[in-house]
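Visitor: Quick one: the structure is below, questions incoming.
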Amino acid sequence: MKGQNNRARKAAYWGAAAGLGLFAMVGLLPSSFIGGVLGLKLAGSLFGGAFEAGIVSRVVVGASMVLGVLVTGLVFVMGSALIAWTTAQLTTLVHRRHAHETV
């Protein structure tokens, strides 16, 4: 029982590592762009249409870019870890059921 749980944990770690690599290759740049655009729209609505390039508006845009990257990274890493963990659990279940039927 412990080995099966350990297998699922290792699969989740490998899935998280794969998700981090996939995020670095595919999701990093688009998430910062989308976060920046949302930050520009937010700064425009807070400070008016033609806002001055002050420190507060830059902080809003920068914070939204960082938030976009963090949320996208979380989705990539947690999603791939969940897929890997679920796959390991399902294969363990199939192996256990197959072993039970043959006995």
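Visitor: Tell me which residues, restricted to the range 54-84, are loosely packed, with under 15 Cβ neighbours inside 10 Å, modelled with pLDDT under 90 and in a helix (DSSP H, G or I).
Guide: I55, V56, R58
Visitor: Shifting gears a bit: Of the residues in the range 12-65, how many are of a type in the set (A, V, I, L, M) and under 30 Å from L90 (Cβ atoms)? Write out each step before concluding.
Guide: First, the residues of the range 12-65 that are of a type in the set (A, V, I, L, M): 12, 16-18, 20, 22, 24-26, 28-29, 34, 37-38, 40, 42-43, 46, 50, 53, 55-56, 59-61, 63, 65.
After this cut, where a residue has to be under 30 Å from L90 (Cβ atoms) as well, the list is 12, 16-18, 20, 22, 24-26.
The qualifying residues number 9.
Visitor: Separate question: Filter the range 25-37 down to the residues that are of a type outside the set (F, W, Y), in contact with a helix residue (DSSP H, G or I) (Cβ under 9 Å, 6 or more places away or on another chain) and within 12 Å of V69 (Cα to Cα) and list them by number.
Guide: V26, G27, L28, P30, S31, S32, I34, G35, G36
Visitor: Somewhere in the range 22-31, is a residue among the polar types (S, T, N, Q) and surrounded by fewer than 12 Cβ atoms within 10 Å (Cβ to Cβ)? Full working, then the answer.
Guide: Taking the range 22-31 first, the residues among the polar types (S, T, N, Q) are 31.
Now drop any that are not surrounded by fewer than 12 Cβ atoms within 10 Å (Cβ to Cβ), which leaves none.
For the range 22-31, residues among the polar types (S, T, N, Q) and surrounded by fewer than 12 Cβ atoms within 10 Å (Cβ to Cβ): absent.
Visitor: Taking the criterion of being under 30 Å from A99 (Cα atoms), under 19 Å from the mean Cα position of the chain (by Cα) and not hydroxyl-bearing (S, T, Y), would at least one residue in the range 16-37 satisfy it?
Guide: yes
Visitor: Considering only residues that are farther than 25 Å from L28 by Cα and surrounded by 11 or more Cβ atoms within 10 Å (Cβ to Cβ), which ones fall in the range 39-53?
Guide: L46, F47, F51
Visitor: Go through the residues of the range 1-19 one by one and say whether even a single one is touching a Gly at 6+ places or on another chain (Cβ under 6 Å) and of a type in the set (A, V, I, L, M, F, W, C).
Guide: No, because not a single residue in the range 1-19 is touching a Gly at 6+ places or on another chain (Cβ under 6 Å) and of a type in the set (A, V, I, L, M, F, W, C).
Visitor: Same structure again: Kindly indicate the residue of the range 85-100 that is of a type outside the set (A, V, I, L, M) and modelled with pLDDT under 90 and also farthest from A18 (Cα to Cα) among those meeting that condition.
Guide: H100
The values are calculated or read from the model by the stated rules, or taken from the named source; none is laboratory data. This is a predicted model, so every value here is computed, not measured. Backbone-built Cβ (ideal geometry, glycine too); neighbour counts: all protein chains shown.
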